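Peer 1: Please find one structure pasted underneath; my questions will follow.
The values are calculated or read from the model by the stated rules, or taken from the named source; none is laboratory data. All values derive from a computational prediction rather than experimental measurement. Reconstructed Cβ throughout: ideal geometry from the backbone, glycine too, with neighbour counts over all protein chains shown.
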């Protein structure tokens, strides 16, 4: 019997080597372990063994059974993983088929720029405030030290409404409205739309501005420079230099225009910057005492600075759109680019 | 305004290169917008003399010139100019020259005859527009020298941007004063010596000022026996270099002095003045004048004119009259130099739409103390260049002479404003260089008494002086620091938050953000089919619109978005999903709106996610998501009769009984009006109303500990029954134990009776206090079915 068991073990292990499929394994399992299987038959014969033989053969039989069970299990696992492998290969996809992007939208490029500007100034403690776009002569000009016959009014080609109002030519009126309603310190930025009668590749009749105002007991021109230099570095990169040139605005004194190193040539001089290496990006200055008087602030008790920049212009330093009117066509081929 | 380097150097010495000068001026606030080198492009052009001319054997209109350019051999040059003649001096572009007009001179054969260069016209050299013939040069110029040397053309033109507060810089001397501020060098004013004859000017003319407020100063001189003619080259060239065309010697001189002093002058033909005298007065009602540009202009009494005894002969400070202008036959000249009130000149120029070099300066403010120096300078030049004699004396009526303005300046205030540490001496020095008088008023208080020169009428306050100091000290030399004051406590803004949340939600849903002009065409209301009495038609109108398309202000965002869809469709873009956030202009307010459009195709348009047309429920879902991001619940829908929309596919969004927005499918006629071939879905929400009810607070709700049980339910109901009716009954019947109900299918077709539809729901039953048993759920579900049947006649669909 012992020989028989050993023969079964060898034969079964040999047979397992040839098994290629789950079905083959199953029929082999039945051949050995089935009700009439070879191993079962041998085990059935155990009863006829002598008392002495029984434990010895019994032990051997159990060992054979266990080792064959393991062998069957191993073969089964091998077959399964082989099968799974085949299945996975059969499930291969064409990895060049398009991915299914979830739909996603994009903010308008001017808004992207505006939001960036807002976030830089809010980090410096400026609060965002807004005001009306339909304005009066008073808020748009007079209170900003620009009386009716002032030549500076020529700089702003104004849209007038038939009811005597006008469309604000800058967001500066909100300076006045804010100071009328708030005591110093004031530290605001005013994003918003402004309007001028102008329509060509570099002008749209509606555009966006960000105005800034800081008023306190002792605000210096030096601090104006500090805030704007800090803005320029964050907006255009740490290497950006800024220079201030004297300029004229009726509502600031001293007034300045600020240039940054050309974003195209990095200051070397190129066509974009008229070979100067500088690009003008904003106007600024210390708040004119007349403006303080218009809002009943005492210019001997407070000082301040204001600045204003065109968002389209700043956006376009990055995007370089040849005709900025493209911003407002809302062509999806355009909007998707940003 | 243009100035040139050479011309500027006649008034002040400096060593700056053109580039340095441009930088210095720019950093002083006189922005140099462009620098143009004159003459550098004319390298290779030399002075030649036409030795002999013979006909071209093969061309009637061409001749062969032998031209001497100082070399051993003369050059043969083929020429077609009508004025070519033997002995003539003219510019010759030699082989290898690149002319400003792009022509490169090469050895050429013209109709078989060799040509070794080109004889040039002024236009070919880029000097003027004169292309009539060869430029004739003076015969005393050495043959063969460089053309630009010969004419002193090597120069640099600076185009300056002069801000409106600095009329004093609208002249060469003015710009020279800025250079003085930079260098400290003295200004070299022209030396003026006038030889007068014996006849007293007062005996042959007079000046009366009837409106001294508008004309504080008027001076006149008379020069008799002048000979009108062409100006000499140097004068023509000076004027041309700054962009002023030469006319005749007298007019050229007045323009020259205008550029030199910034003082506009006018020359009258003395003999054409009625009674040979001048009256400065306001125009009479109905008076007219024909100005130099031959336009007839109607005058009003607020306009200041220069008149003779009978009629206006000039618009004061703007333009002369046609009748009294200098002509070839003029013999005696009355020269005017005056100071006019800036506002008056500005108003008149604006009313007449007439802007001139003179009005530009007067309306910004000229220097009344320049009146006499300028007229004397011009008088001297007239005698030099046009002959004649000067009558004795000058008429100088000066009713408006002012005291010099004195200002007090606190040096410590300078540093307080600028954040600098300038000492009093530096401040004094800067002001002196700018031409201000500086005296110490109160030694102990360290206050300066500053006298403002008459040419700086923009300086009226201490702060103006501080700007001057900052400017000359250099903005770049002011230290940079950060604000030291307290940061004000910001207030919160719900509207901003609503805007931000909805925007992020829509972007996340695949909508692109649009920005449109606030303007629109008045016909847009018809295009979206608003009823005639719709209050949205009450739009603000522009007085001066750019075009009809931009002539009113928007009261709704929908037309703009429809136009965007049209634009994109016209460019074959049909995956339209856009939104816009903007204010509209309504009833004197500027409420904020958000609107969106879905049209054409949505979806990825790729394998497995094909394009499909949007429908009502896409736009509805967007709106619902938007409302949810603002913590808004409990809104209701109701159908409206808004003609913009499909009558059966629109809904207003209601909170209580207040409309906060509208959504739906655009009416087919609207689609026709915007030439859109497919269905379009729109929404527009009132952001202010949303902000009013928005609730951003969030509170934790316990995560269910007991399992929930899902049961599906399909019922057949009448086809026109709104789907939220069964939904409501399920909720009310199930009470707290119904966690959620989801409609997952709607079916109309063969499988159900006609006029009926099948609605399939998944109900989630759940208790927060126990695990529901099968029996409990079954009973509940049965009860729901029963209620649906009783209340709605809903049949269970098997």
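Peer 1: Taking the stretch B:312-324, which residues are closer than 22 Å to residue B:396 by Cα and assigned to a loop (DSSP other than H, G, I, E, B)?
Peer 2: B:316, B:317, B:318, B:324
Peer 1: Still on this structure, I have one more. If residue A:119 satisfies every condition in (1) under 30 Å from the mean Cα position of the chain (by Cα); (2) assigned to a helix (DSSP H, G or I); (3) touching a residue at least 40 places away in the same chain (Cβ under 8 Å) but one, which is the exception?
Peer 2: (3)
This table checks each residue for (1) touching a residue at least 12 places away in the same chain (Cβ under 8 Å); (2) in contact with a strand residue (DSSP E or B) (Cβ under 8 Å, 6 or more places away or on another chain).
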site	(1), (2)
B:301	yes, yes
B:330	yes, yes
B:342	yes, no
B:352	yes, yes
B:361	yes, no
B:384	no, no
B:395	yes, yes
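Peer 1: Could you look through the stretch A:321-334, keep only residues that are touching a residue at least 12 places away in the same chain (Cβ under 8 Å) and away from chain B (no Cβ under 13 Å), and pick out the one that is nearest to residue A:263 (Cα to Cα)?
Peer 2: A:322
Peer 1: Read through the list (1) touching a strand residue (DSSP E or B) at 6+ places or on another chain (Cβ under 9 Å); (2) part of a loop (DSSP other than H, G, I, E, B); (3) surrounded by 15 or more Cβ atoms within 10 Å (Cβ to Cβ); (4) facing chain A (nearest Cβ under 7 Å), then give the number of the only condition that residue B:490 fails.
Peer 2: (3)
Peer 1: In the stretch B:401-412, is there at least one residue being modelled with pLDDT under 95, in a helix (DSSP H, G or I) and out of contact with any strand residue (DSSP E or B) (no Cβ under 8 Å at 6 or more places or on another chain)?
Peer 2: Yes.
Peer 1: Also, quick follow-up: Output the number of residues of the stretch B:268-280 satisfying the condition of being touching a strand residue (DSSP E or B) at 6+ places or on another chain (Cβ under 6 Å) and within 18 Å of residue B:215 (Cβ to Cβ). Break it down into steps so the answer makes sense when it comes.
Peer 2: Restricting attention to the stretch B:268-280, the residues satisfying the condition of being touching a strand residue (DSSP E or B) at 6+ places or on another chain (Cβ under 6 Å) are B:268, B:270, B:278-280.
Narrowing further to those that are within 18 Å of residue B:215 (Cβ to Cβ): B:268, B:278-280.
Qualifying residue count, the stretch B:268-280: 4.
Peer 1: Look at residue B:312 and say whether it is farther than 28 Å from residue B:386 by Cβ and either under 33 Å from the mean Cα position of the chain (by Cα) or buried (at least 22 other Cβ atoms within 10 Å of the Cβ) (or both). Working first, answer last.
Peer 2: Working: farther than 28 Å from residue B:386 by Cβ: no; either under 33 Å from the mean Cα position of the chain (by Cα) or buried (at least 22 other Cβ atoms within 10 Å of the Cβ) (or both): yes.
No, not satisfied.
Peer 1: If you don't mind, there's one more thing I want to ask. Look through A:119, A:202 and report the one residue that is at pLDDT 95 or above and either more than 9 Å from every other protein chain (Cβ to nearest Cβ) or surrounded by fewer than 22 Cβ atoms within 10 Å (Cβ to Cβ) (or both). Give the steps one after another, and end with the answer.
Peer 2: Working: A:202 fails: at pLDDT 95 or above.
Unique residue meeting the criteria: A:119.
Peer 1: Among B:179, B:192, which is assigned to a helix (DSSP H, G or I) and more than 14 Å from chain A (Cβ to nearest Cβ)? Explain how you work it out, then say what you get.
Peer 2: On the way: B:192 fails: assigned to a helix (DSSP H, G or I).
The unique qualifying residue is B:179.
Peer 1: Here's something else I'd like to know. List the number of the failed condition for residue B:573; all other conditions in (1) part of a helix (DSSP H, G or I); (2) surrounded by fewer than 22 Cβ atoms within 10 Å (Cβ to Cβ); (3) under 36 Å from the mean Cα position of the chain (by Cα) hold.
Peer 2: (1)
Peer 1: Moving to a separate point now. Here is a list: A:222, A:172. Which entry is within 11 Å of chain B (Cβ to nearest Cβ) and either buried (at least 18 other Cβ atoms within 10 Å of the Cβ) or modelled with pLDDT of 95 or more (or both)?
Peer 2: Going through A:222, A:172 in turn, the sole match is A:222.
Peer 1: In the stretch B:346-359, which residues are facing another protein chain (nearest Cβ under 10 Å) and buried (at least 21 other Cβ atoms within 10 Å of the Cβ)? Reasoning before the result, please.
Peer 2: Step one: list which residues in the stretch B:346-359 are facing another protein chain (nearest Cβ under 10 Å), which gives B:346-347, B:350, B:355.
B:346, the sole residue that qualifies.
Peer 1: Within the stretch B:97-114, track down each residue that is over 11 Å from residue B:42 (Cα atoms) and part of a strand (DSSP E or B). Give the steps one after another, and end with the answer.
Peer 2: Just the residues of the stretch B:97-114 that are over 11 Å from residue B:42 (Cα atoms), to begin with: B:102-114.
Within the stretch B:97-114, B:104, B:108, B:109, B:110, B:113, B:114 qualify.
Peer 1: Ok, one more. Going by the structure shown, is residue A:126 within 30 Å of residue B:486 (Cα to Cα) and within 9 Å of chain B (Cβ to nearest Cβ)?
Peer 2: Details: within 30 Å of residue B:486 (Cα to Cα): yes; within 9 Å of chain B (Cβ to nearest Cβ): yes.
Criteria met by residue A:126.
Peer 1: Being within 11 Å of chain B (Cβ to nearest Cβ), at pLDDT 95 or above, buried (at least 16 other Cβ atoms within 10 Å of the Cβ) and under 30 Å from residue A:139 (Cα atoms) is the requirement here; does residue A:286 meet it?
Peer 2: Details: within 11 Å of chain B (Cβ to nearest Cβ): yes; at pLDDT 95 or above: yes; buried (at least 16 other Cβ atoms within 10 Å of the Cβ): yes; under 30 Å from residue A:139 (Cα atoms): yes.
Judged against the criteria, residue A:286 is a match.
Peer 1: Same structure, new question: Please verify whether residue B:460 is assigned to a loop (DSSP other than H, G, I, E, B) and surrounded by 14 or more Cβ atoms within 10 Å (Cβ to Cβ), treating the condition exactly as stated.
Peer 2: On the way: assigned to a loop (DSSP other than H, G, I, E, B): yes; surrounded by 14 or more Cβ atoms within 10 Å (Cβ to Cβ): no.
It is false that residue B:460 is assigned to a loop (DSSP other than H, G, I, E, B) and surrounded by 14 or more Cβ atoms within 10 Å (Cβ to Cβ).
Quick grid of which residues meet (1) surrounded by 13 or more Cβ atoms within 10 Å (Cβ to Cβ); (2) within 30 Å of residue A:4 (Cα to Cα); (3) away from chain B (no Cβ under 14 Å):
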position	(1), (2), (3)
A:51	no, yes, yes
A:57	yes, yes, yes
A:79	yes, yes, yes
A:92	no, no, yes
A:99	no, no, no
A:106	yes, no, no
A:114	yes, no, no
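Peer 1: Assuming residue B:130 fulfils every condition listed in (1) touching a strand residue (DSSP E or B) at 6+ places or on another chain (Cβ under 8 Å); (2) part of a loop (DSSP other than H, G, I, E, B) apart from one, which condition is it?
Peer 2: Here residue B:130 clears every test but (1).
Peer 1: Considering only residues that are at the interface with chain A (Cβ under 9 Å from one of its Cβ atoms) and farther than 29 Å from residue A:192 by Cα, which ones fall in the stretch B:563-589?
Peer 2: Hits for the stretch B:563-589 are B:571, B:573, B:575.
Peer 1: Just checking, does the stretch A:176-191 include any residue being in a strand (DSSP E or B), modelled with pLDDT under 95, within 12 Å of chain B (Cβ to nearest Cβ) and surrounded by fewer than 17 Cβ atoms within 10 Å (Cβ to Cβ)? Break it down stepwise before answering.
Peer 2: Step one: of the stretch A:176-191, the residues in a strand (DSSP E or B) are A:186-191.
Add one more test, that the residue is modelled with pLDDT under 95, and what stays is none.
No, the conditions are met nowhere in the stretch A:176-191.
Peer 1: Here is a follow-up. Restricting to the stretch A:226-242, name every residue that is surrounded by fewer than 18 Cβ atoms within 10 Å (Cβ to Cβ), in a helix (DSSP H, G or I) and in contact with a strand residue (DSSP E or B) (Cβ under 9 Å, 6 or more places away or on another chain).
Peer 2: Passing the criteria: only A:233.
Peer 1: Test residue A:110 against the criterion of being assigned to a loop (DSSP other than H, G, I, E, B) and within 8 Å of chain B (Cβ to nearest Cβ), and give yes or no. If you could, list the steps in order and put the result at the bottom.
Peer 2: Values: assigned to a loop (DSSP other than H, G, I, E, B): no; within 8 Å of chain B (Cβ to nearest Cβ): yes.
So residue A:110 does not fit the description; no.
Peer 1: Filter the stretch B:595-614 for residues that are over 44 Å from the mean Cα position of the chain (by Cα) and within 13 Å of residue A:103 (Cβ to Cβ) and give the result. It would help to see each step written out before you state the result.
Peer 2: Taking the stretch B:595-614 as the starting set, the residues that turn out to be over 44 Å from the mean Cα position of the chain (by Cα) are B:606-610, B:612.
B:606, B:609, B:612 - these are the residues of the stretch B:595-614 that are over 44 Å from the mean Cα position of the chain (by Cα) and within 13 Å of residue A:103 (Cβ to Cβ).
Peer 1: Can you give me the number of residues within the stretch A:298-320 that are outside any helix (DSSP H, G or I), more than 14 Å from chain B (Cβ to nearest Cβ) and touching a strand residue (DSSP E or B) at 6+ places or on another chain (Cβ under 8 Å)?
Peer 2: Count: 3.
Peer 1: Restricting to strands (runs of 3 or more DSSP E) lying wholly in the stretch B:665-759: which have 2 or more residues that are closer than 28 Å to residue B:578 by Cβ?
Peer 2: Details: elements: B:680-686, B:709-718, B:738-747.
Where strands (runs of 3 or more DSSP E) fall fully within the stretch B:665-759 and carry at least 2 residues being closer than 28 Å to residue B:578 by Cβ, they are B:680-686.
Peer 1: Right, another one. Can we say residue A:196 is within 11 Å of another protein chain (Cβ to nearest Cβ), out of contact with any strand residue (DSSP E or B) (no Cβ under 7 Å at 6 or more places or on another chain) and touching a residue at least 12 places away in the same chain (Cβ under 8 Å)?
Peer 2: Values: within 11 Å of another protein chain (Cβ to nearest Cβ): yes; out of contact with any strand residue (DSSP E or B) (no Cβ under 7 Å at 6 or more places or on another chain): yes; touching a residue at least 12 places away in the same chain (Cβ under 8 Å): yes.
When the stated conditions are applied, residue A:196 passes them.
Peer 1: Identify, by number, the condition in (1) farther than 26 Å from residue A:106 by Cβ; (2) without any contact (Cβ under 8 Å) to a residue 24 or more places away in the chain; (3) surrounded by 20 or more Cβ atoms within 10 Å (Cβ to Cβ) that residue A:268 doesn't meet.
Peer 2: Status for residue A:268: all satisfied but (3).
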